[in-house]
């Protein structure tokens, strides 16, 4: 991979696992696991206008506290935020995709090496729900 982080896998089965290659030319990837998120959306990074902001290009994981997807959905047609007042929004930015996640809980993150994944290019191991 290159200099910038990349979303290399996204898996949803009631829980959401996102795998990031951090772009540091190491052999480790980062797994981000959301237990039962209320919603998520994945957009091509070209559809977002954050490439002019160095903070967004140099980092890849954020909690959005104002002005994001959650704000537009609160009281909107879907009513996502109205079902859980403590809803939080997280944004994972990469050079190929960006994922917004609405969840009442912060995700679990862990670093996984290629040997733990079963070799380069294979999906990372699956998280088990607690």
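Which condition from (1) modelled with pLDDT under 85; (2) in a loop (DSSP other than H, G, I, E, B); (3) surrounded by fewer than 15 Cβ atoms within 10 Å (Cβ to Cβ) is the one that residue 72 breaks?
The failed condition is (2).
Looking only at the stretch 4-18, count every residue that is modelled with pLDDT of 90 or more, surrounded by fewer than 20 Cβ atoms within 10 Å (Cβ to Cβ) and either within 11 Å of the chain's Cα centre (by Cα) or part of a strand (DSSP E or B) (or both) and tell me the total.
Final tally of qualifying residues: 5.
So in the stretch 20-32, with the set limited to residues that are touching a residue at least 60 places away in the same chain (Cβ under 8 Å) and surrounded by 20 or more Cβ atoms within 10 Å (Cβ to Cβ), which one is farthest from residue 113 (Cα to Cα)?
Selected residue: 32.
Taking the condition of being at pLDDT below 90 and surrounded by fewer than 20 Cβ atoms within 10 Å (Cβ to Cβ), how many residues in the stretch 98-117 meet it?
Summing the residues that are at pLDDT below 90 and surrounded by fewer than 20 Cβ atoms within 10 Å (Cβ to Cβ) in the stretch 98-117 gives 5.
Going by the conditions given, is residue 91 under 16 Å from residue 15 (Cβ atoms), at pLDDT 85 or above and either in contact with a helix residue (DSSP H, G or I) (Cβ under 6 Å, 6 or more places away or on another chain) or assigned to a strand (DSSP E or B) (or both)?
no
Taking into account only those residues within the stretch 83-97 that are within 12 Å of residue 40 (Cβ to Cβ) and either over 13 Å from the mean Cα position of the chain (by Cα) or touching a residue at least 60 places away in the same chain (Cβ under 8 Å) (or both), which is surrounded by the most Cβ atoms within 10 Å (Cβ to Cβ)?
That would be 92.
Filter the stretch 24-37 down to the residues that are more than 16 Å from residue 91 (Cβ to Cβ), within 15 Å of the chain's Cα centre (by Cα) and outside any strand (DSSP E or B) and list them by number.
Residues satisfying the conditions are 35, 36.
The values are calculated or read from the model by the stated rules, or taken from the named source; none is laboratory data. Quick caveat, the model's predicted, so the values are computed rather than measured. Ideal geometry is used to build each Cβ from the backbone, glycine not excepted, and the neighbour counts take in all protein chains shown.
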